[in-house]
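Enquirer: Next up is a structure, given as structure tokens.
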Amino acid sequence: AYRASQSWRSLFRVDQLLQGKRPHTVSGTQAQGLLNACKKARFRTRPAQKEDGLLKVARRLYNDPGLQLRRPGQRDGMLATLGPRPAEQVIVVLATGSGKTLIVMVGAALEGAATTILILPTVALRGNMLVRLGKVALKHYVWSPGSSKSAPLVIMSAEAACTESFLEYANRLADRQRLDRIVIDECHLTITANDYRRCMSQLGWYVRRVQTQTVWLTATLPP
């Protein structure tokens, strides 16, 4: 439990700046250059809404005039991410099926929204998300390294996110003020799966090299 707690403290920078596991393919000079670029970048002024405005967008998105934010945690997570005073880093811990995905979709559907990057670390998650997106009017794109195409919601695997191509893509969007946030679903895997999936131990390092809001979603946060 102590090791897990220390890992979360490092990942979310509770009391120190995240250094992360720098991949061996990235040199110290490259890493410093990326950090310097981040310091010079300006945060985009993202579209924000009060609770009633966010609920209106959610109802329109799902074509359900009776839709409600079902749980306090869902409401709090949505306001922390998309409300009038959004945080630059948000951790949302909600049980499976409690509406974490709604936060992502509403953010991408707001008027004036740019791009939300959604990192889904498993094939099953990506399949489920594509099924959901097929039922709502939200443009999306499944990104792979080397692509420059964007959409309100860009979906990618953890492996794709742990590449220099991802850094070039995401930082290009950020430099053009066209990136709203990066969302990492099932983020506990950065701790629980890092022994057998190298990209999970490196994911935080790559995400931190892009200056934008980061949203970490999980149902099973370790102690």
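Enquirer: Using the beta-carbon distance between Arg172 and Arg60 and R0 = 22 Å, what value does 1/(1 + (r/R0)^6) give for FRET efficiency, to the nearest 0.05?
Expert: Approximately 0.15, to the nearest 0.05.
Enquirer: As an exercise, use a Förster radius of 22 Å and the Cβ-Cβ distance of Val93 and Ser165 to find the FRET efficiency, rounded to the nearest 0.05.
Expert: Efficiency for this residue pair is about 0.10.
Enquirer: Loop only by DSSP, 11 or fewer other Cβ within 10 Å of the Cβ. Give me the GluC sites (Glu not before Pro) in the range 41-116 that pass, ordered by residue number.
Expert: Glu88, Glu111
Enquirer: For Leu67 and Arg132, calculate 0.36 nm times their separation in residues minus their Cα-Cα distance, and state this gained length in nm to one decimal.
Expert: 21.8 nm
Enquirer: Now for a separate question. How large is the direction-averaged shadow of the alpha-carbon convex hull of the range 82-223, in nm²?
Expert: 8.5 nm²
Enquirer: How high is the relative contact order of the range 127-223, in percent, counting Cα pairs under 8 Å that sit 6 or more residues apart?
Expert: Relative CO of the range 127-223 lands at 25 percent.
Enquirer: Next question. Can you tell me which aspartates and glutamates have their Cα less than 17 Å from the Cα of Lys135? Leave out same-chain residues fewer than eight positions away.
Expert: Asp64
Enquirer: If we count other beta carbons within 10 Å of each Cβ, what is the order of Asp180, Asp175, fewest first?
Expert: Arranged by neighbour count, lowest to highest, Asp180, Asp175 become Asp175, Asp180.
Enquirer: Give the shape of the range 93-150 as rounded, prolate or oblate, defined through the alpha-carbon gyration tensor: a ≥ b ≥ c are the square roots of its eigenvalues, a/c under 1.5 means rounded, and otherwise the shape is prolate if a/b is larger than b/c and oblate if not.
Expert: Oblate is the answer for the range 93-150, as a/c is 1.5 or above yet b/c matches or exceeds a/b.
Enquirer: So, one more: Can you pull the one-decimal nm distance between simple spin-label points at Ala151 and Val123, each 7 Å off the Cα toward Cβ?
Expert: Using points 7 Å along Cα→Cβ, the separation is 2.1 nm.
Bear in mind that the values in this text are calculations on the coordinates, not laboratory data. None of these values were measured; they are calculated from a predicted model. Please note: Cβ atoms are built from the backbone with ideal geometry, for glycine as well, and neighbour counts cover all protein chains shown.
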